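**Q** Before I ask anything, let me first share the structure, which is written out below as structure tokens.
Where a number appears in this text, it was derived from the coordinates with a stated rule and is not lab data. These numbers come from a predicted model, not from an experiment. As a convention, Cβ positions derive from the backbone with ideal geometry for all residues, glycine included, and neighbour counts pool all protein chains shown.
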Amino acid sequence: MSVRFTLDGKPVEAGDDETIWQVAAREGVAIPHLCHSTAPGYRPDGNCRACMVEVEGERTLAASCIRKPTEGMTVHSATDRAATARKAVMELLLADQPPRDRAYDPNSAFWDMADANGIEASRYPASLRPDPDTSHPAMTVRLDACIHCGLCVRACREVQVNDVIAMAHRGPHSEIVFDVGDPMGASTCVGCGECVQACPTGALAPAKDALLQEIDRTVDSVCPYCGVGCQLTYHIKDNALVHVSGRDGPANHGRLCVKGRFGFDYVSHPQRLTTPLIRKEGVAKAVQPDVDPSNPLTHFREATWEEALDVAAKGLREIRERKGGKGLAGFGSAKGSNEEAYLFQKLVRAGFGTNNVDHCTRLCHASSVAALMETIGSGAVTAPFAEVKNTEVIVVIGSNTSVNHPVAATFFKNAVKNGAELIVLDPRGEALGRHATHMVQFRPGSDVALLNAVMNVIVEEDLVDHNYIGGYTEGFEAMRTHLKAFTPEAMSEVCGVPPDTIREIARIYGRARSAMIFWGMGISQHIHGTDNARCLIALALMCGQVGRPGTGLHPLRGQNNVQGASDVGLIPMFYPDYAGVEKEGVRERFEDFWGAKLDPKTGLTVVEITDAIHDGEIEGMYVMGENPAMSDPNLNHTRAALAKLKHLVVQDLFLTETASYADVILPASAFPEKDGTFTNTDRRVQLGRRALPLPGDARQDLWIIQEIARRIGLDWRYGHARDVYAEMRACMPSIKGITWERLERESAVTYPCDAEDHAGREVIFGDGFPTPTKRGKFVPAAIVPPDEETDAAYPFILSTGRLLEHWHTGAMTRRTDVLDDLEPEAHAHLAPNDVEALGLAGGELVRLSTRRGSIELAVRIDSGIPEGMVFMPFCYAEAAANLLTNPALDPFGKIPEFKYCAAKIEPLRA
Amino acid sequence: MRDTTTIRHPGKGKRKGRRTERGRQPTAESLRQVAALLGDPPHDRHLLLEYLHAIQDAHNGISAQHIAALAHHMRLSMAEVYEVASFYAHLDIHRENEEAPPPLTVRVCDSLSCQLAGADALLDALADDDGRAVRIVRAPCMGRCDAAPVAEVGRHHVVEATAARVREAIAAGDTAPASMEAISPDDSAYAEFDACIAGTHTADSVRTTVEQAGLRGLGGAGFPAARKWQFVLAEPKPRVLAVNADEGEPGTFKDRHYLETEPRRVLEGALIAAWAIEADDLYIYLRDEYPQVHAALRKEIAALRASGRPLPNIVLRRGAGAYICGEESAMLESIEGNRPLPRHRPPFPAQVGLFGRPTLAHNVETLYWVPHILEKGAAWFADQGINGSKGPRSYSVSGRVKNPGVKLAPAGISVRQLIDVHCGGMQDGHAFAAYLPGGASGGILPASLGDVPLDFGTLEEHGAFIGSAAVIVLSDQDDLRAVARNLMAFFADESCGQCTPCRVGTEKALTMMDAAQWDDELFAELGQVMRDASICGLGQAAPNVFETLLRYFPEAVR
């Protein structure tokens, strides 16, 4: 329904929810505004009064940003009365601003608006203004420039829903505060910087006066960190990144997290490798990394590219000639582009002659993908996380989303504010828990028990979707029989959740008209990870919660391109687009396409490769951007394997722990230094654009791969990432409709996309699944206990994961100033009661040991940790959690059990 | 194998790691303390202010730890609690590095009537008493302007206060609210409400009678009561009645008068109005300055519940020292547990009110008259007005008159008649020079306009309004510039801070008033933007202070 009214004498129409300001903007009538932002997610607040207009018949003026027109209303935007009021508002605010030549943001919206109103100075007396707060490493707070517009409050509370910023006190004493008026750096602030992006004056600004630098150019790109795939803009001066702002991409709508916004200076870290390095003659490889990344010349010598590439290729070639392809393996990276991943796996397959190619997806969602492939024939998500806006019930299990996918979590919180129910299931309490309508903490490792009990209730109470089961699934009867034994009462003993709670959440999910399930590593990183995922898939299938708007299964991807790297075949069992290596006819197709003889056997996975090195089978490796010496379980074993390799080529930005075992180190390109496509957790293919030149003699990864390829007998001639992409499109039907040019134009397109003029499909499988029967399969799961349970000697459960500020093994994030300042040290996170029981205080040192190793680190009191558990981030080289973890594998996904092993804690007193 | 310490930290390690999660963590002690005050969950968001009162009352202040603990128990963030707590003058928040307030607080009213009666001298005299055991603080109008100056020792109001009497109360530990005399048994109480329940009155007949009586909103807006009922009735159920017992306009004490003398009549009026609009909930928002009324109402509401009458859900809520909560939409926000910022209109509370429901908001006096009108008829009420006005009016008269107090007089009476006929004339030695017809907001008029009838709509042409009929009489002895400054300081203190014209305007105006010669032109521009562009009545009316002074007493500011 539209409303007709008159604006400045002209008849106009307004849509249902349109404000006067919006209609005016649409009609080309510029009305000044300060507290109103046109960025997505910001509601108008009408407090600054800079947008006043005159409505005929009303006693006072109206704030056009918040006022909706009514039928027949007559609005004047340009009367003297309105203009006088708007000018006066600007003049009042200007009285307390720092002078323009000392503005904290010279290009701020405030000064634009002052110009628009023709106000240069204020006749009003200035007031006393507060002192600056520089306690936060990433942001400076100078409230002397605050105009109390509350945009930062909306940014923090309504957009990102971190609830740290408030307007406290009242009247002229009103003040923007953090928590209880604490310094920003001592507050609960998570550093997303949304407030900085929203601030119209620079009162909240990136630290070090980044906004004062005159920018030469901007480049639109994508965030290099997690799988959310936020679009961003690099602001560049003199070929250096000055600051980063969020862009309105389909995944993030302008939002970023602390990593994406402030974690960019790793690219110019002094430890950046800029010259190829060759291990010095006679320098042995120690079992523990022993090279100082600031001073690699103790172990390596500098070399020309020509020499380094020759040595690198020669070593690989020799092993291939002596042992065949099975003597070699390659680790690519989910941090690289699709083109890099594609070319890397092609090199290993066509050049090395083996399928021994894998990457960290193996440590991440391998079990989820195994279960998804087995049951619904596709390893990707069935719907983007943005679908939460259309859902009634959001289930988040085994995912600390606000830490690991912070921007995705903001949309979950938005959905809850709009009335969705949020069920969080996790052994750990987490930040999302405060927003959950149901926060259920269950015993670590008891996922199958809990989920089977939930399904037991849904089946017993007949909350299943019979039509869906009949139309789109198979194996339900066996599932029904299987579930009989898993009563809430029986399973409550196992998972520690009261039967009534199990029933309650089962009913909520079972009765929901639409529901989505999100999961993370808490599901996948178990020896029963595939079983865990099977349960989630079965739950969705029996309730018909797949394939419609607001429904879906969504394993949240951990790295920026883990989806894409898997899609393009950087895994040992699939060629690009999940064409099975051992599947009839597939190999022949790729042999034709690539013009090379291919290994008919599925290759080895990450942990299996380590074992094969120990067994003497694999002797040479090419590692691109991966850091197994930090990321793999039971590092002493992994590191011994790396040290044992006869030939190791490492291509990276820094001298990583893995690179310390290298024979040849090839300095590569960082994210902002290259063009390439990246596929986020939603299946959105997005374009990363080159923003910076390469430092020193570092080279494009694509060029390096190609040079290695040429030296092992492949005659490759790719000029640019777009050439590689063109080849990918030729063998990957999923991205048929997504051309490079289209990506340059649109920045993001979701696959599957059949034609260039089709929008990609976001919610998929509304009409069946890509399985042989077109049906989704129920696969029952039995309870499998953790591989290594606690006992008297090792009474704590050790679980590992990430911190908000650090990503993967920390190679990049620990080398950014802000992130390092925020989380500089490793901690063992323990429940308050456990800390007390151990006679410890926060910050005290302990020795944390498992049967595989021991590390020393400080204790952090963390109320989210259940008693009996110790949580450790795995990004700290000096206290590497993976020295302790258990390499026991899930039999299907071959993923190690990072989320559960037995540990002990001994206080260390000085 | 174990020696991993040789691995260098790849970061710079400028800072130390945190020992806990981010930000302040509630201690076990504070969690226990707060839990003990909250009772069993669920701890609804809208009870936030009540919980803050509970902490303040139990611990003589609210520590940052209490805020962290309360946030934890309510599943809110600390910011969400702090922004509300820090708004109210009666909540004392102290962070870890700040001292808790002394065990006893003495609030000295410094609003105009008390100022005229020597509040400054009293504050000066008590300055030496301010210390570790007692603190002396300024506070706005306590609604006892007829017995100025007033000081509140703990929760005990000392009227016609002197330093000696305040010290006496301190020494005697006399800090409890003076108990309201037991509400006198009155067999006729609730008779009209009972007649409604019994069907003797119908909702229609009640509304028609109220309409014919010409009853208007006596909180200050003067909107016809019956019309408001109609608006609310046009909206779907569930509906709410919200009683605004937060009179805070300096000089106003008529609602306290009725709540102290005839609380049953007020409650009866509320019950009738709630019944007439078929409200499920009846909220009473009572200002914190009237603790004795709070106790009496709580008791009376319990008695009502015990009486077996069919009642709406009656909820008594307590303000916490914020004038803005008398603005009806701010009051609704306060009841909801939010920062009490006035809402944008439309939508009006009648459409989207408390908890989003259609809400009828009424002032105490308005409701007080409802049973009287039903009992005695519409004409009885309407006929009491003079000079074309309808009904009686309860004028709160204070200042330089001989007998200040609540004066029940005809609507339309002039201030001169009010002084002469109802207040025994001016105090000795004082000659009538000026008056405030409507408290701090209504402007300052000269004695030459002393014969204008006092009612809604009669004073506007003179740049003033009647508002809540708080008449403060000034004499030739009074420094009008100081009066204006006092009023503007009040507005600056009490502005919620939401909109620029009011937040910045009140503060700038106050500073500008210190100039030897006022800047007429800038004041005129400031007045216009405040009046035209402020969100609510506070900012819109605040310029009356300087505009009327400049208009009628230009010599005072030159």
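**Q** Using only helices, what value at 222 nm comes out for chain B when you add -39,500 (n - 2.57) per DSSP H run of length 4 or more and divide by the total residues, to the nearest 500 deg cm²/dmol?
**A** For chain B, the value works out to -11500 deg cm²/dmol.
**Q** Would you tell me the mean number of C-beta atoms belonging to other protein chains that fall within 10 Å of each C-beta in A:853-860, as a whole number?
**A** 3
**Q** With charges set only on the Cβ (+1 for Lys and Arg, -1 for Asp and Glu), what does the dipole of the protein assembly as shown come to about its Cα centre, in debye to the nearest 20?
**A** With Lys and Arg at +1 and Asp and Glu at -1, about 2420 debye.
**Q** Using the Karplus curve 6.51 cos²θ - 1.76 cosθ + 1.60 with θ = phi - 60°, work out ³J(HN,Hα) for each residue of segment A:282-299 in order, rounded to whole Hz, and write x for Gly and Pro.
**A** Each residue's phi maps through the Karplus curve to give x, 8, 6, 8, 6, 6, 9, x, 10, 9, 7, x, 7, 9, x, 6, 5, 10 Hz.
**Q** Net charge near residue A:130, counting Lys/Arg +1 and Asp/Glu -1 over other residues with Cβ under 10 Å of its Cβ?
**A** For residues surrounding residue A:130, the net value is -2.
**Q** Further question on the same structure: Most exposed first by the Cβ proxy, i.e. fewest other Cβ within 10 Å, how do A:447, A:890 rank?
**A** A:890, A:447
**Q** In whole angstrom, how far apart do the alpha carbon centroids of segment B:115-145 and segment A:461-503 sit?
**A** Between the Cα centres of segment B:115-145 and segment A:461-503 lies a distance of 70 Å.
**Q** Could you give me the radius of gyration and the Dmax of the protein assembly as shown, taking only the C-alpha atoms into account and expressing both in angstrom?
**A** Using the Cα atoms of the protein assembly as shown, the pair Rg, Dmax is 36.5, 120 Å.
**Q** Using a 7 Å offset from the Cα along the Cα-to-Cβ direction at both residue B:380 and residue B:280, what is the distance between the two label points in nm, to one decimal?
**A** Computed distance between label sites residue B:380 and residue B:280 equals 3.6 nm.
**Q** Among DSSP beta bridges whose residues both lie in segment A:581-716, state the antiparallel percentage, nearest 5.
**A** 30 percent
**Q** So what is the relative contact order for chain A, in percent, with contacts set as C-alpha pairs under 8 Å and at least six apart?
**A** Value for chain A: 14 percent.
**Q** Taking the Cα centre of segment A:357-437 as origin, work out the dipole magnitude from +1 charges on Lys and Arg Cβ and -1 charges on Asp and Glu Cβ, in debye rounded to 20.
**A** Rounded to the nearest 20 debye, it is 280 debye.
**Q** Taking the alpha-carbon centroid of each part, what is the distance from segment A:283-298 to segment A:819-895 in angstrom?
**A** Cα centroid to Cα centroid, the span is 26 Å.
**Q** Can you work out the base-10 log of I(q)/I(0) for segment A:61-132 at q = 0.23, 0.26 1/Å, using the Debye formula on its C-alpha atoms alone?
**A** Per q value, in the given order, log10 I(q)/I(0) is -1.09, -1.24.
**Q** Compare the Cα positions of A:84, A:63, A:73 along the charge dipole of segment A:1-128 (+1 at Cβ of Lys, Arg; -1 at Cβ of Asp, Glu; about the Cα centre) and return the one farthest towards the positive end.
**A** Value: A:84.
**Q** Moving on to the next point. For the charge dipole of segment B:84-151, defined by +1 on Lys and Arg C-beta atoms and -1 on Asp and Glu C-beta atoms about the Cα centroid, which residue among B:149, B:97, B:137 has the Cα displaced farthest towards the positive pole?
**A** B:149
**Q** Excluding residues fewer than 8 places away in the same chain, name every one of the lysines whose C-alpha is closer than 20 Å to that of residue B:376.
**A** B:390
**Q** To check you understand DSSP bridge types, tell me what percent of the beta bridges within the protein assembly as shown (both residues inside) are antiparallel, rounded to 5.
**A** If we restrict to bridges inside the protein assembly as shown, about 50 percent are antiparallel.
**Q** Compute the long axis of helix B:64-74 from its Cα atoms, compare it with the longest principal axis of the Cα atoms of chain B, and write down the angle in degrees, 0 to 90, nearest 10.
**A** 80 degrees
**Q** So which of A:314/A:601; A:87/A:208; A:68/B:254 end up more than 27 Å apart by C-alpha?
**A** A:87/A:208; A:68/B:254
**Q** Restricting things to alpha carbons, tell me how big segment A:519-585 is in terms of Rg and Dmax, in Å.
**A** Spelled out, the Cα radius of gyration and Dmax of segment A:519-585 are 14.2, 38 Å.
**Q** Order by neighbour count: A:851, B:343, fewest other Cβ atoms within 10 Å first, most last.
**A** With the fewest neighbours first, A:851, B:343 line up as A:851, B:343.
**Q** Give the calculated FRET efficiency between residue A:239 and residue A:71 to the nearest 0.05, with a Förster radius of 56 Å applied to their Cβ-Cβ distance.
**A** The formula returns an efficiency of 0.50 here.
**Q** Rounded to whole Å, give me the distance from the Cα center of segment B:18-35 to that of segment A:591-666.
**A** Here the answer is 46 Å between Cα centres.
**Q** Sticking with this structure for a sec: List B:50, B:547 from most exposed to least, where exposure is judged by having the fewest other Cβ atoms within 10 Å.
**A** Fewest-to-most Cβ neighbours within 10 Å comes out as B:50, B:547.
**Q** A follow-up question, please. Report for chain B the percent antiparallel among DSSP-assigned beta bridges with both residues inside it, nearest 5.
**A** 40 percent
**Q** Rounding to the nearest 20 debye, state how big the charge dipole of segment A:749-808 is about its Cα centre with +1 on each Lys and Arg Cβ and -1 on each Asp and Glu Cβ.
**A** My answer is approximately 300 debye.
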